[in-house]
Amino acid sequence: MVKTIKRLIAVLAAAPLLCHAQSYPVKPVVLVTQFAPGSTGDTLCRIMAESMKEVMGQPVIVDNRAGAGGVLAAEYVVRAAPDGYTLLVGTTGTQIMRVHLAKNSSFDPVKDFTPITEVGETPTLWVANPSFGPNSFREMIDYARANPGTVTYGTSGIGSPHHLSGELLRQMAGVTMIHVPYKASAQALQDTVAGQLNTTFAISGLAVPSVRAGKVKALAIVRSQRFKPLPDVPTVGEIVPGFETPPAWTGLFGPAGMPVPLTTRVHAEVVRALNVPAVRTRLSEQQHFEVITNETPAAFAAQIRREIDLVGRIVKGAGIKPTE
């Protein structure tokens with residue numbers, strides 16, 4: 001009798017959550033983003049918002065809260081109600097790197113959010129100035145070994161996925177290269193084109209046109225598989241077996257405390273919107289962005305835990321100290 005009463009209480013308690021999930025959404029949904037208006041990331045959010053609106057039947061608003069490396073956007077979502085109507089378009093910078101690189105933080109990247117799904121990634125290329133002697137990634141590694149401390153590589157900043165990729169290569173291949181951090185990878189690419197840097201990391205949307213124009217040469221793709229627009233360019237892992245690419249995705253999160261039925265419903269709606277063929281094609285061809293979604297929110301949460309561990313190992317091996 002007691003067990004029956006407890007089950008009844010549990011069912012009655014869950015009923016409002018189930019009803020809320022089944023009726024979701026009944027009002028506009030807000031996508032909070034760290035990307036500045038007009039940026040590549042902002043364009044991604046707006047394409048996603050358009051498709052979500054069509055699929056979900058409610059307005060989807062992009063709320064740009066740029067600044068502080070994504071902290072402003074994250075803080076806003078942390079304070080929001082866990083009702084599925086305020087969602088964070090987050091990056092690995094706020095959701096993974098801060099776990100190891102932020103000395104003081106106003107939020108916990110893990111405990112204060114509900115992971116929903118990875119949205120996708122923009123592949124990164126490791127490119128070089130045309131006058132740089134080595135013409136392949138293997139040749140660059142051999143050259144760096146023979147000439148320690150002479151090869152430069154630009155990144156989008158200390159602790160960025162680009163920087164961690166360079167550090168992981170150093171640890172695995174035993175090479176000593178000079179890291180040159182920038183505020184944005186676009187500036188690093190410009191300096192590589194100008195010959196002020198030997199090599200740099202650059203997102204595919206910026207790198208591919210420069211490679212095709214002969215302004216830089218592509219040495220490797222920094223991901224687990226080759227990149228269709230440049231199929232002859234090997235992955236770093238093909239040259240350095242066991243290399244595990246540091247995470248550099250865009251993902252969707254809610255505030256902590258979102259009920260599982262609601263999280264599952266939001267996940268289903270967003271995945272449906274991202275997998276509209278025309279949307280995938282538009283993102284791929286116009287933004288060089290590859291849509292990647294998780295089968296379940298739990299799978300995304302597990303992925304994040306694995307990647308936090310990976311980044312922790314790289315940071316420790318590199319001796320990178322927390323800031324802020």
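We did not get these values from a lab; they are worked out from the coordinates using the rules stated. Remember, it's a predicted structure, so these values are computed and weren't measured experimentally. Neighbour counts run over all protein chains shown; Cβ positions are idealised from the backbone, glycine included.
Only bridges with both residues in region 124-239 count here: give the DSSP antiparallel percent, nearest 5.
Percentage antiparallel, nearest 5: 60.
Mind checking the angle between helix 2-23 and the chain's longest principal axis? C-alpha axes, 0 to 90 degrees, to the nearest 10.
60
Of the DSSP beta bridges with both residues in the chain, give the percent that are antiparallel, rounding to the nearest 5.
60
Remind me, what semi-axes does region 51-204 give for its equivalent ellipsoid, largest first in whole Å, using sqrt of 5 times each Cα gyration tensor eigenvalue?
Its equivalent ellipsoid spans semi-axes of 37, 17, 13 Å.
Where does the chain land at 222 nm, in deg cm²/dmol rounded to the nearest 500, when only DSSP H runs of n ≥ 4 count, each adding -39500 (n - 2.57), divided by all residues?
The helix-only estimate for the chain comes to -14000 deg cm²/dmol at 222 nm.
For region 124-239, just the Cα set please: Rg and Dmax, both in angstrom.
Over region 124-239's Cα set, Rg and Dmax evaluate to 12.5, 33 Å.
Once you have the Cα-Cα distance between SER284 and ALA268, take 0.36 nm times their residue separation minus that, and quote the gain in nm to one decimal.
That works out to 3.6 nm of additional length.
How far, in nm, would the chain grow between SER136 and LYS316 when pulled straight, counting 0.36 nm per residue and subtracting the alpha carbon separation?
Working: separation 180, 0.36 × 180 = 64.80 nm, distance 2.90 nm.
Between SER136 and LYS316, full extension yields 61.9 nm more.
Post the alpha-carbon centroid distance, region 56-121 to region 155-201, in whole angstrom.
So the two Cα centres are separated by 26 Å.
At a temperature of 10 °C and a viscosity of 1.306 mPa s, determine how fast region 214-324 diffuses translationally according to Stokes-Einstein, using the Kirkwood radius over alpha-carbon pairs as Rh; express D in µm²/s, rounded to the nearest whole number.
Diffusion coefficient, whole number: 93 µm²/s.
Report the gain in length on full extension from ASN104 to ASP83: 0.36 nm times residue separation, minus Cα-Cα distance, nm rounded to one decimal.
The span from ASN104 to ASP83 would gain 4.8 nm if fully extended.
For Rg/Rh (Cα atoms, Kirkwood Rh), the choices are (i) 1.02; (ii) 0.99; (iii) 1.07; which was calculated from the structure?
(i)
Modelled label-to-label distance, SER224 and THR176, 7 Å Cα→beta-carbon offset: nm?
3.4
With r as the distance between the Cβ atoms of LEU72 and ALA146 and R0 = 45 Å, compute the FRET efficiency 1/(1 + (r/R0)^6) and round to 0.05.
Details: r = 46 Å, r/R0 = 1.01.
The pair ALA146/LEU72 has a calculated efficiency of 0.50.
Reachable aspartates and glutamates from LYS228, Cα under 15 Å, same-chain residues fewer than 8 places away excluded?
Hits, sequence-local ones excluded: GLU121, GLU285, GLU290.
Could you name the aspartates and glutamates in cross-link range of LYS27, using Cα to Cα under 14 Å and dropping any fewer than eight places away on the same chain?
Leaving aside aspartates and glutamates fewer than 8 places away in the same chain, those within reach of LYS27 are GLU54, ASP83.
Compute the acute angle (0 to 90°) between the alpha-carbon long axis of helix 40-56 and the principal axis of greatest extent of the alpha-carbon atoms of the chain; round to the nearest 10°.
Compared with the principal axis, the helix lies near 30 degrees.
Leaving out same-chain residues fewer than 8 places away, which lysines sit with a Cα under 26 Å from that of LYS183?
Correct list for LYS183: LYS103, LYS215, LYS217, LYS316, LYS321.
Please report LYS53, LYS316 as a ranked list, fewest other C-beta atoms within 10 angstrom at the top and most at the bottom.
Ranking LYS53, LYS316 by Cβ neighbours within 10 Å, fewest first, gives LYS316, LYS53.
Neighbour counts of other C-beta atoms within 10 Å: give me HIS179, HIS100 arranged from fewest to most.
Numbers: HIS179 15, HIS100 19.
In increasing order of surrounding Cβ atoms, one gets HIS179, HIS100.
Comparing PRO25, PRO209, PRO109, which has the greatest mean-square fluctuation in the GNM of the chain with Cα pairs linked when under 10 Å apart?
PRO209
If the viscosity is 1.306 mPa s and the temperature 10 °C, what translational diffusion coefficient in µm²/s does Stokes-Einstein give for region 26-92 when Rh comes from Kirkwood over Cα pairs?
D, rounded to a whole number, is 132 µm²/s.
For region 79-108, which trypsin sites (Lys or Arg not before Pro) are both in a DSSP coil and crowded by at most 13 other Cβ atoms within 10 Å?
Here the trypsin sites (Lys or Arg not before Pro) that fit, given the DSSP loop and packing criteria, are ARG79, LYS103.
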